[in-house]
Amino acid sequence: MKRALITLGIIALVGLTSSAFAAESTFKFKVTGMHCDMCPKAVEKAAKSVKGVTDVKLTLIEGKWENGGILEVTATETAKPNQIINAIQKADKSYRAEEIKE
Ligand SMILES: [Cu+2]
């Protein structure tokens, strides 16, 4: 009986874990207002600080921060696009982030 309960517990745990992975999605944002070499890292760090964000990648347009960049964010459903935008815009008052919907 005890063994059956443990087995059931493990199955439930595996089920929960895999559904958490299945719920991951990707968001894209246009980010502008950066003013130096350090800004791209600051933007990535701000996005990554949002709960549920698992991966971030900022690609600068033509490799120049002056041009702004496209930020790709992988996140679980706990992270909402608005929270990511707020975190970026709070990191520096000149940053602007806008979701790109496809
Ligand atoms: Cu900067």
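When the residues of the range 41-85 are narrowed to those that are among the acidic types (D, E) and either part of a loop (DSSP other than H, G, I, E, B) or touching a Phe, Trp or Tyr at 6+ places or on another chain (Cβ under 8 Å) (or both), which ends up surrounded by the fewest Cβ atoms within 10 Å (Cβ to Cβ)?
E77
A91 versus (1) modelled with pLDDT under 95; (2) surrounded by 15 or more Cβ atoms within 10 Å (Cβ to Cβ): which is the lone unmet condition?
(1)
Take the residues in the range 7-40 that are small (G, A, S), modelled with pLDDT under 95 and outside any helix (DSSP H, G or I); name whichever of them is farthest from the ligand (Cβ to nearest atom).
In this case the residue turns out to be A23.
The values are calculated or read from the model by the stated rules, or taken from the named source; none is laboratory data. This structure is a prediction, so every number in the text was calculated from the model and none was measured. In this analysis, Cβ positions are derived from the backbone assuming ideal geometry, glycine residues included, and neighbour counts consider all displayed protein chains.
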